[in-house]
Every structure is written in structure tokens, then in C-alpha cells.
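The structure appears right after this line, and notes come after that.
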Amino acid sequence: MVRYFTSLIATVAIMTMVVIAWTPVAKSGPPQFQDCLDFCEDQAICQCAKILGGSLRLTFCNIGASCNRVCECDVDPLCKPWEKDIVVQSFPPEPPFAQNCGN
């Protein structure tokens, strides 16, 4: 019984270390963007969905950015002809102001 308990404790300790090692580190503070294109690349999440239904899949994007008072992102997902493109923006939704546009 003691050997079983010792083995159980060792297994739990090893699994705990593995889970802690895989846990991502939280980002602190507001995001720092070099320019408007950097902001758009960080925020765009491009997905494709089959027209007749099915699950979403992540895909690559063609990303363009322009800067007026705020950054304006032009995102075009690269989907197959039989798929519908879906663009989602990650948090935070507010674009940076003109001083971060890099002009």
C-alpha cells in the first residue's frame, strides 16, 4: 500500500510539472505596436468555412493597412473557391491612434 501511494504521489507531481510547463505566460500591460501594419497583423484572425456547412479552419491572410486618424485594416483571407471567408478581430478592438501609424 505504501509503494502504491508513493508511486501515485510521484505521478501526480510529474504531471503537475508538465502542466505548469505547458501553461502560456500571460502578457502584461497594453499591447505595443510598431506601426499600423503590425497592429493589423496582430489583430486579424482569418478562417475559412465550407459553403455547405462544416467546421472552421484557420488560414493565411493578405493584410494591408492604411493610416488616417486611426489604423484601417484591409484583410483578405486566402480560402478555396468552395469556402466562405470569415475574418475575426482579436482583443482589443480599438485601433491605435495616428501617432502609432509610423508616418
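The values are calculated or read from the model by the stated rules, or taken from the named source; none is laboratory data. All figures in this text were calculated on a predicted structure; none of them were measured in a lab. In this analysis, Cβ positions are derived from the backbone assuming ideal geometry, glycine residues included, and neighbour counts consider all displayed protein chains.
Out of the range 34-54, which residues are modelled with pLDDT of 80 or more, closer than 12 Å to C71 by Cβ and among the polar types (S, T, N, Q)?
Of everything in the range 34-54, just one residue is modelled with pLDDT of 80 or more, closer than 12 Å to C71 by Cβ and among the polar types (S, T, N, Q), namely Q43.
Only residues that are farther than 17 Å from I45 by Cβ and either assigned to a loop (DSSP other than H, G, I, E, B) or at pLDDT 80 or above (or both): list them for the range 73-103, please. First the steps, then the outcome.
Quick first cut of the range 73-103, residues farther than 17 Å from I45 by Cβ only: 80-82, 96-103.
The answer is K80, P81, W82, P96, C101, G102, N103.
Between a first residue in the range 44-59 that is in a loop (DSSP other than H, G, I, E, B) and a second residue that is surrounded by fewer than 10 Cβ atoms within 10 Å (Cβ to Cβ), which pairs have beta carbons less than 8 Å apart while being 6 or more apart in sequence or on different chains?
Final answer for the pair search is I51/W82.
Using the structure shown, decide if L58 is out of contact with any Phe, Trp or Tyr (no Cβ under 6 Å at 6 or more places or on another chain), over 21 Å from Q32 (Cβ atoms) and modelled with pLDDT of 85 or more. First the steps, then the outcome.
Details: out of contact with any Phe, Trp or Tyr (no Cβ under 6 Å at 6 or more places or on another chain): yes; over 21 Å from Q32 (Cβ atoms): yes; modelled with pLDDT of 85 or more: yes.
Against the criterion (out of contact with any Phe, Trp or Tyr (no Cβ under 6 Å at 6 or more places or on another chain), over 21 Å from Q32 (Cβ atoms) and modelled with pLDDT of 85 or more), L58 qualifies.
Quick check on my filter: what residues within the range 63-72 are β-branched (V, I, T) and modelled with pLDDT of 85 or more?
Initially, the range 63-72 is screened for residues β-branched (V, I, T), giving 63, 70.
Selection gives I63 alone.
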